[in-house]
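Working notes, beginning with the structure itself.
Just so it is clear, none of the values below were taken in a lab; they were calculated from the coordinates. Note that the structure is predicted; figures quoted are calculated from it, not measured. Note that each Cβ is placed from the backbone with ideal geometry, even for glycine, and that neighbours are counted across all protein chains shown.
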Amino acid sequence: MKISITGANSSVGINLLSHLSQKDGIATTAGVRSESAFESLPQSASIKPAIIAYDDPESLHQALAGADCLIHLAGILIENKNSTYASANVAATAAAVKAAQDCNVKHIIFISVVGANADSRNAYFRSKGVGEELVLNSGIPATVLRTPILMGPGTAGANSLISAVSNGQTKVLGGGEYCMRPLDTDDLSQALAKLACGPAQDSHVYELVGPEPIAYRDLIKKAGKLMEREVEVGSVPILMAKLGAAITSTLKRGGITPTVIDVITLDEVVTENANEKIGISLTSLEDTLKKILASES
Ligand SMILES: NC(=O)c1ccc[n+]([C@@H]2O[C@H](COP(=O)([O-])OP(=O)(O)OC[C@H]3O[C@@H](n4cnc5c(N)ncnc54)[C@H](OP(=O)(O)O)[C@@H]3O)[C@@H](O)[C@H]2O)c1
């Protein structure tokens with residue numbers, strides 16, 4: 001079984017590579033965009049790193065040659081002057097899909113987000129929705145996994161949580177009343193491995209979220225309790241935050257924008273959690289937090 005991964009140096013990619021390297025009979029090609037990303041990948045005889053450029057089809061063909069499954073992980077929430085939703089979430093997906101077609105890849109798995117919709121008024125959700133359509137209309141059996149905030153060592157969500165708790169006090173958007181369904185990155189990797197190794201005759205869109213809904217302010221308190229630390233959670237009015245973000249992101253050509261604030265503060269609600277259909281059990285939120293805290297010490 002050969003699996004090719006794009007965005008292999010992402011926080012999800014690093015976790016997935018370590019899961020796949022522990023399984024027999026899987027050869028993985030880990031596609032990254034730079035030498036420094038190449039250096040950051042876990043070392044294993046079953047992992048072959050490959051440098052890819054999304055505007056260079058030949059580099060993508062080399063990374064995908066002979067692959068049974070492509071897991072397309074490259075993608076962003078926070079734009080910067082080099083990476084926009086158009087380049088990272090749409091153009092890179094289009095290029096990966098074209099290469100998968102050229103290389104006769106049998107299955108594409110795409111990591112999307114809860115709320116993705118090609119008609120959304122929110123530019124991030126729209127770009128992920130367009131990415132989904134590219135994959136689902138590729139003519140190749142495709143699995144779209146819509147995920148919530150991801151929690152595991154090195155994820156952006158875990159990093160901001162740790163920094164909020166470590167400071168002993170934090171101010172969060174709208175007092176952190178929005179509801180999250182944090183998903184453990186180990187659970188996501190298990191789901192990806194199962195899906196990649198399973199049969200792929202049809203296309204599916206799954207929502208895969210963590211076991212427990214929780215308001216962000218309560219998540220901070222819960223992490224604080226595990227660290228035996230009292231955390232004071234204050235509030236930044238959302239409208240004021242959006243105004244500030246609009247100004248600074250325009251000046252910096254990237255960073256937190258009103259679009260990102262809308263994504264962060266949207267309740268993560270799903271119709272059906274796909275963990276049973278995929279055949280994985282979910283880690284409790286408390287155990288996920290314990291793992292993250294242990295990785296920090
Ligand atoms: N983290 C979450 O909470 C979360 C939630 C829902 C969905 N997701 C999705 O899960 C996937 C992995 O997320 P992550 O948080 O692990 O990612 P991450 O650590 O932020 O890494 C982002 C990846 O995207 C690549 N990338 C950035 N700009 C690109 C561009 N213009 N063209 C091609 N590749 C580009 C990066 O490559 P370089 O290092 O070369 O820039 C890197 O491999 C993404 O598709 C993300 O949208 C994440």
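Of all residues in segment 75-123, those that are outside any helix (DSSP H, G or I), surrounded by fewer than 21 Cβ atoms within 10 Å (Cβ to Cβ) and more than 9 Å from the ligand (Cβ to nearest atom) total 10.
For Asn9, all conditions in the list (1) in a helix (DSSP H, G or I); (2) polar (S, T, N, Q); (3) within 12 Å of the ligand (Cβ to nearest atom) hold save one; what is the number of the exception? Unmet condition: (1).
Using the structure shown, decide if Val233 is part of a strand (DSSP E or B) and in contact (Cβ under 8 Å) with a residue 24 or more places away in the chain. It is true that Val233 is part of a strand (DSSP E or B) and in contact (Cβ under 8 Å) with a residue 24 or more places away in the chain.
Considering segment 29-59, the residues that are over 19 Å from the mean Cα position of the chain (by Cα) and polar (S, T, N, Q) include one that is nearest to Cys103 (Cα to Cα), namely Ser59. Of all residues in segment 231-240, none satisfies being out of contact with any Gly (no Cβ under 9 Å at 6 or more places or on another chain) and closer than 30 Å to Ser4 by Cα. Scanning segment 12-48 for residues that are assigned to a loop (DSSP other than H, G, I, E, B), within 12 Å of the ligand (Cβ to nearest atom) and in contact with a Leu (Cβ under 9 Å, 6 or more places away or on another chain) returns a single hit, Leu41. The residue of segment 164-192 that is surrounded by the most Cβ atoms within 10 Å (Cβ to Cβ), among those that are away from the ligand (no atom under 13 Å from the Cβ) and assigned to a strand (DSSP E or B), is Val172. Within segment 238-261, none of the residues are touching a residue at least 60 places away in the same chain (Cβ under 8 Å), assigned to a strand (DSSP E or B) and out of contact with any Cys (no Cβ under 9 Å at 6 or more places or on another chain).
Within segment 193-216, the residues that satisfy the criterion of being in a loop (DSSP other than H, G, I, E, B), within 15 Å of Val113 (Cα to Cα) and among the hydrophobic types (A, V, I, L, M, F, W, C) are Leu208, Val209. Within segment 60-86, being under 20 Å from the mean Cα position of the chain (by Cα) and under 21 Å from Ile109 (Cβ atoms) holds for Cys69, Leu70, Ile71, His72, Leu73, Ala74, Gly75, Ile76, Leu77, Tyr85.
As a summary of the residue check, Leu183 satisfies the conditions (1) more than 30 Å from Glu296 (Cβ to Cβ); (2) in contact with a Pro (Cβ under 7 Å, 6 or more places away or on another chain) except for the one numbered (1). In a residue-by-residue description of segment 49-72, the property of being away from the ligand (no atom under 13 Å from the Cβ), of a type outside the set (Val, Ile, Thr), part of a helix (DSSP H, G or I) and free of Cβ contacts under 8 Å to residues at least 12 places away in the same chain applies to at least one position.
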